[in-house]
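Taking it in order: structure first as structure tokens, then the write-up.
The values are calculated or read from the model by the stated rules, or taken from the named source; none is laboratory data. Quantities reported herein were computed from a predicted structural model and do not represent experimental measurements. Because the Cβ atoms are built from the backbone with ideal geometry, glycine has one as well, and the counts that use them run over all protein chains shown.
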Amino acid sequence: MSEENRIEWTKLLEQAISEPGKINEAYRRFHGYSLGNRLWAMCQCVTRGIEPSPLASFNRWKELGRHVKKGERALSLCMPVTRKRSQADRDGNEIEIITYQFFVLKKNWFVLSQTEGADYTPDPIPNWDEQRALSILNISKVPFDLLNGNVQGYAAPDRKVSVSPLATQPFKTLFHEFAHQILGHVEPAGALTDEETTPSNVQEVEAESVAMLCCASLGLPGVEYSRDYIQSWAEGQPIGEKAAHRIFAAADKILKAGTEALQQ
């Protein structure tokens, strides 16, 4: 994948699923950035043979008393760009200004091993806290009330989730149910049209992919189980580009919600 092109989210997700060990390393090395950018930065380091280490912008390294070594090439990250355009009526009269956002790759970041200067001690990585995540995501965790012993957890309307006390992978199950809520899989009857409804197998692939990314990032068990679960529900069909982007965004939201905000 060329650094000059846009991030191909499907390929990035496929690589993450096949090499989950890199997700945790990227989380530890590049904490404070989005999940997609962490994995993208790791890919660039591996491709170039650069030692993965803390990441910061050119100006941020200067603030920290370090400077980029001569000849070092910047890493690119995916950044949001906001634009405005006017919308006209049939007579050509401007009726409203529409604000929209898209993402572009910008080259402005360097890892610690590309710099030199003052000593640098990275900030400690905060622990992920379930109660903080529930509050930030506006999700309620309710007592498990199903009699089916095969059900590990469920997501219900009104942004409620529940995890069985007998769940074999409680954190993975919690992340899975969080994902159902964040991705809009749980809606009141009639709230979505047929065109807007995601097929149940795709919902399961999306939710479990989110759970896998979260578990792998935090070094929690359940990753291997998730890989088998995803392959089973995918039924040999590839994950689409839009779905992959949604998966990364949902996982990133869960991870950020459970940790204290860090300044990039």
Of all residues in region 136-169, which are among the small types (Gly, Ala, Ser) and touching a residue at least 24 places away in the same chain (Cβ under 8 Å)? 153, 155, 156
Of the residues 255, 220, 262, which is at pLDDT 90 or above, surrounded by fewer than 19 Cβ atoms within 10 Å (Cβ to Cβ) and either more than 19 Å from residue 171 (Cα to Cα) or aliphatic (A, V, I, L, M) (or both)? 220
Please go through region 17-67 and give me each residue that is closer than 18 Å to residue 119 by Cβ, without any contact (Cβ under 8 Å) to a residue 60 or more places away in the chain and small (Gly, Ala, Ser), ordered by number. 65
Please state which one of 113, 164 is at pLDDT below 95, in contact with a Phe, Trp or Tyr (Cβ under 6 Å, 6 or more places away or on another chain) and not aliphatic (A, V, I, L, M). 164
Would you confirm whether or not region 186-202 contains a residue that is within 15 Å of residue 17 (Cα to Cα), among the aliphatic types (A, V, I, L, M) and either modelled with pLDDT of 95 or more or more than 12 Å from the chain's Cα centre (by Cα) (or both)? no
